[in-house]
1. List pairs: first residue in the range 6-26 and without any contact (Cβ under 8 Å) to a residue 24 or more places away in the chain, second residue of a type in the set (A, V, I, L, M, F, W, C) and part of a helix (DSSP H, G or I) anywhere in the structure, Cβ distance under 9 angstrom, at least six positions apart or on different chains.
2. Can you tell me which residues in the range 7-16 are outside any loop (DSSP other than H, G, I, E, B) and either closer than 18 Å to LEU71 by Cβ or open to solvent by 50 Å² or more (accessible area, probe 1.4 Å) (or both)?
3. Output the residues belonging to the range 35-44 that are open to solvent by 50 Å² or more (accessible area, probe 1.4 Å), assigned to a loop (DSSP other than H, G, I, E, B) and not basic (Lys, Arg).
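The values are calculated or read from the model by the stated rules, or taken from the named source; none is laboratory data. Remember, predicted model here, so these are calculated numbers, not experimental data. Here the Cβ is made from the backbone with ideal geometry for all residues, glycine too, and neighbour counts use every protein chain on show. These area figures cover heavy atoms from the full protein model, side chains too; ligands, DNA and RNA do not enter into them. Shrake-Rupley method; radii C 1.70, N 1.55, O 1.52, S 1.80 Å.
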Amino acid sequence: LPIETVRFGSLFRFKGPVNLDLFFYQLNYRGMYVWEGRNLFLSTAHSEEDVERFVQAVKDSVHELQAAGYLPSKREGKASSAQAASEPNPLALGPA
């Protein structure tokens, strides 16, 4: 899934080339508060159980959105990567 975590510390956010509004909605639905500015927070005040619950909420949200076709699935990502590797890169340096 083309999503990354940026500026990780106690404050972080998910970022990617796809619209993540439904992803954030799903996290809220699963009890994970996502601030309207899309920032999230984790700190040493959170227990291991809190972190595990958050990770599971992220996984469940992604899987549900993939199953519904709102986020690309692993299969789609692999196919597009293989296709991209076989296509010539017009920005590549040197002879083709």
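1. GLY16/PHE23
2. If we filter the range 7-16 for residues that are outside any loop (DSSP other than H, G, I, E, B), which is where we start, we get 11-15.
Scanning the range 7-16 gives LEU11, ARG13, PHE14, LYS15.
3. Selection gives TRP35, GLU36, SER43, THR44.
Yes/no matrix, rows are residues, columns are (1) in contact with a strand residue (DSSP E or B) (Cβ under 8 Å, 6 or more places away or on another chain); (2) of a type in the set (A, V, I, L, M); (3) at pLDDT below 95:
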residue: PHE14; (1), (2), (3): yes, no, yes
residue: LEU20; (1), (2), (3): yes, yes, yes
residue: GLU36; (1), (2), (3): no, no, yes
residue: HIS46; (1), (2), (3): no, no, yes
residue: PRO72; (1), (2), (3): no, no, yes
residue: GLU76; (1), (2), (3): no, no, yes
residue: SER80; (1), (2), (3): no, no, yes
residue: ALA85; (1), (2), (3): no, yes, yes
residue: ALA92; (1), (2), (3): no, yes, yes
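Conditions (1) in contact with a His (Cβ under 8 Å, 6 or more places away or on another chain); (2) surrounded by 13 or more Cβ atoms within 10 Å (Cβ to Cβ); (3) of a type in the set (A, V, I, L, M, F, W, C); (4) over 18 Å from LEU1 (Cα atoms), marked per residue:
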| residue | (1), (2), (3), (4) |
| --- | --- |
| VAL18 | no, yes, yes, no |
| LEU22 | no, yes, yes, no |
| ARG30 | no, yes, no, yes |
| TYR33 | no, no, no, yes |
| HIS46 | no, yes, no, yes |
| GLU49 | no, no, no, yes |
| TYR70 | no, yes, no, no |
